[in-house]
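Please read the structure below before turning to the comments.
The values are calculated or read from the model by the stated rules, or taken from the named source; none is laboratory data. Here the structure is a predicted model, which is why all the values come from computation and not from measurement. Using ideal geometry, Cβ is built from the backbone for each residue, glycine included, and neighbour counts are taken over all protein chains shown.
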Amino acid sequence: MLVVENLRVNYGAIQAVKGISFEVRERELVALIGSNGAGKSTTLKTISGIVRPSGGSIRYGDKDLTSEPTHRIVASGIVQAPEGRQIFGSLTVRENLALGATARADRSDLDPEFAQVFALFPILSERISQRAGTLSGGEQQMLAIGRALMAKPRLLLLDEPSLGLAPIVVNRIFSVISQLKESGVTILLVEQNARKALAIADRAYVLETGTIRLSGDARDLARNPEVEHAYLGGVA
Amino acid sequence: MGATEFGQQFVNAMSLGSIYALVAIGLAIVFSILRLINFAHGEVLMLGAFFTYYWNRTGLPFAIVAILGVACTVLAGVAMERIAYRPMRNAPEVSLLLTSLGVSIAVRNFATMQFGEQPQKFPTPSRFEHRVHLGEINVSVTNLVTIGSALILLTLLTWFVTRTQLGIAMRATAENPVAARLMGININVVIVMAFVIGSALAGVAGILWGARVGRIEPLMGFVPVLKAFVATVIGGFGSIPGAVLGAFILGFGEIFLVALLPDRMTGYRDAFVFGALIVILLVRPQGLLGSTEPEKI
């Protein structure tokens, strides 16, 4: 579905991503894990067209996305819930959700998507007319994911959805991500919380300073001593 | 000051504030989306007056002439974005600022070559010069048209930014351009729309300013845009309600200062305006309705 080949991204003289290749297949949940600065977020930003690669290619089905503008990438079904939530704080919850559907051709009737989002996150329906900036951190993360779902994504990119949230909220978010996978959404998940990510992912790639260090089945990686030592806080 | 004179000055202040508001909104919208202080905005206003002046030679009814004048102004504003600002999209903000200064100088000089330096009489329809009695108050039709146009346009704009998908997308883009792009918002459409709205309002303001002053010249955009700039700073740069609030504060401040001060002091009117600006910048640099949110890195 999504095939990234030899992707390289530079920020000025700094090489943030140094030639990585990976793929996400239909209905898979793939995790990109690694520590801060490994290049995970940069990779997602590049897939969404926010950052331009200096080399390599990003293909989606039979389309080459490498130099497409972001709004076309979103219209083709690749939707991102960005790191740090990035909700529109001065807009209402309803406006935020409606904006999520911007790129859809059939946005005249959004009721089914609103219903789906409220079923996953009932709290959002209570906050519908509130300014998004007044929501708690966890609610904002729910809004960010809900907003992405309004676009009816075929490939959902989630950037650090657990960042800065209380453990109980993290569990809620991860259970929603599993539900979404069950419902058939293909997901590429970027996480620092490797344990949680590996627990729900099918496959994973471990990024380290811009290169892929390890990859494979998520359960195997969770048992890999190297991963355990570096990312799961285990004592080797 | 008696009640009658107060009423009279109130209408004058509303009228002046209306023009400032129409100009200030354009500055605020473009700034909120591009972080560009558009120095050429005054030239857009000037073009509005001149396009109307030339369309008037066709002998069409003035309402149609005004619409055609504003339509041409919008095209000019969009052309500025396309030709001058879009290639600078990824340049530092200072480069963008200097570009707008360049556009301002280029358009002003082009206008001087085409129209000449001499002020021309603006073809204000004679019915605009009639005066209407509202109780004790005696008001010119020009003032009523000015206030009425501003009220209608402000209402339309409010409806647009709160009720339409594109309007909401513009507010989202102003708040967080990257997140807006991730929603699938086509940033180019939003930017062009900002220039369409800003130029349309500036075009209307140019016509109203022409009707108010009675003559037009290539340098006419300078004073209103400078005042509008002060208004946007007072209100909070980038905030549309702030720009409108600042514009009316400025309109009222100017008119009532002149009315209340002794005659020999009225020459200091602009000194008071810019003095107020300095005070605002010292006391509340983010403006009255501006947010204190730190810039995201």
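Observations, loosely collected:
- Residue within segment A:44-65 that is within 18 Å of the chain's Cα centre (by Cα), within 13 Å of another protein chain (Cβ to nearest Cβ), touching a residue at least 60 places away in the same chain (Cβ under 8 Å) and part of a loop (DSSP other than H, G, I, E, B) present: yes
- Among all residues of segment B:195-202, there is none that is of a type in the set (A, V, I, L, M, F, W, C) and part of a strand (DSSP E or B).
- Counted residues, segment B:214-247 - those being touching a Lys or Arg at 6+ places or on another chain (Cβ under 9 Å), more than 25 Å from B:Ala174 (Cα to Cα) and of a type outside the set (Val, Ile, Thr): 6
- Within segment B:21-33, not a single residue is farther than 22 Å from B:Ala79 by Cβ and either at pLDDT below 95 or of a type in the set (Val, Ile, Thr) (or both).
- Entry remark, segment B:190-211: residues being closer than 25 Å to B:Ser140 by Cα and either touching a strand residue (DSSP E or B) at 6+ places or on another chain (Cβ under 9 Å) or buried (at least 24 other Cβ atoms within 10 Å of the Cβ) (or both) number 11 in total.
- With respect to the stated conditions, B:Ile83 is under 30 Å from B:Ala180 (Cβ atoms), surrounded by fewer than 16 Cβ atoms within 10 Å (Cβ to Cβ), at pLDDT 95 or above and β-branched (Val, Ile, Thr).
- For the condition out of contact with any helix residue (DSSP H, G or I) (no Cβ under 7 Å at 6 or more places or on another chain), crowded, with 19+ Cβ neighbours inside 10 Å and not in a loop (DSSP other than H, G, I, E, B), A:Leu7 does not qualify.
- Residue in segment B:138-148 that is farther than 23 Å from B:Val23 by Cβ, in contact (Cβ under 8 Å) with a residue 24 or more places away in the chain and in contact with a helix residue (DSSP H, G or I) (Cβ under 9 Å, 6 or more places away or on another chain) present: yes
- Scan segment B:171-183 for residues that are crowded, with 24+ Cβ neighbours inside 10 Å and either part of a loop (DSSP other than H, G, I, E, B) or more than 7 Å from chain A (Cβ to nearest Cβ) (or both) and the total you get is 4.
- Residues in segment A:30-59 that are out of contact with any Ser or Thr (no Cβ under 8 Å at 6 or more places or on another chain) and closer than 22 Å to A:Ala230 by Cβ: A:Val30, A:Ala31, A:Ile33, A:Gly34, A:Ser35, A:Asn36, A:Lys40, A:Ser41, A:Thr42, A:Thr43, A:Leu44.
- Subset tally (residues that are at pLDDT below 85 and part of a helix (DSSP H, G or I)) for segment B:249-263: 1
- In summary, B:Glu93 fulfils each of the numbered conditions (1) more than 17 Å from B:Ala202 (Cβ to Cβ); (2) more than 21 Å from the chain's Cα centre (by Cα); (3) surrounded by 14 or more Cβ atoms within 10 Å (Cβ to Cβ) with the single exception of condition (3).
- Look at (1) touching a residue at least 60 places away in the same chain (Cβ under 8 Å); (2) within 14 Å of chain B (Cβ to nearest Cβ) and you find that A:Ala75 fails only one, number (1).
- Each residue in segment A:192-213 was checked for being within 19 Å of A:Arg25 (Cβ to Cβ) and within 13 Å of the chain's Cα centre (by Cα), and 2 of them qualify.
- Considering segment B:120-144, and only residues there that are touching a Ser or Thr at 6+ places or on another chain (Cβ under 9 Å) and assigned to a helix (DSSP H, G or I), the residue that is nearest to B:Ser15 (Cα to Cα) turns out to be B:Asn143.
- Scanning segment A:91-145 for residues that are surrounded by fewer than 17 Cβ atoms within 10 Å (Cβ to Cβ), assigned to a loop (DSSP other than H, G, I, E, B), away from chain B (no Cβ under 12 Å) and more than 21 Å from the chain's Cα centre (by Cα) turns up A:Asp106, A:Asp109, A:Ile128, A:Ser129, A:Gln130.
- Selection within segment B:63-79 - closer than 20 Å to B:Ser126 by Cα and buried (at least 19 other Cβ atoms within 10 Å of the Cβ): B:Val65, B:Ala66, B:Gly69
- Residue that is more than 13 Å from chain A (Cβ to nearest Cβ), more than 18 Å from B:Ile37 (Cα to Cα) and modelled with pLDDT of 95 or more, where the choices are B:Val204, B:Val189, B:Val196: B:Val204
- Number of the condition not met by A:Leu156 [criteria: (1) crowded, with 18+ Cβ neighbours inside 10 Å; (2) assigned to a helix (DSSP H, G or I)]: (2)
- Of the residues B:Val273, B:Val244, the single one that is part of a helix (DSSP H, G or I) and modelled with pLDDT under 85 is B:Val273.
- Test: residue in segment B:158-167 that is touching a Leu at 6+ places or on another chain (Cβ under 9 Å) and either over 30 Å from A:Ala144 (Cα atoms) or among the aliphatic types (A, V, I, L, M) (or both): no
- Scanning segment A:78-90 for residues that are more than 7 Å from every other protein chain (Cβ to nearest Cβ) and either touching a strand residue (DSSP E or B) at 6+ places or on another chain (Cβ under 6 Å) or buried (at least 21 other Cβ atoms within 10 Å of the Cβ) (or both) returns A:Ile78, A:Val79, A:Ala81, A:Glu83, A:Arg85, A:Ile87.
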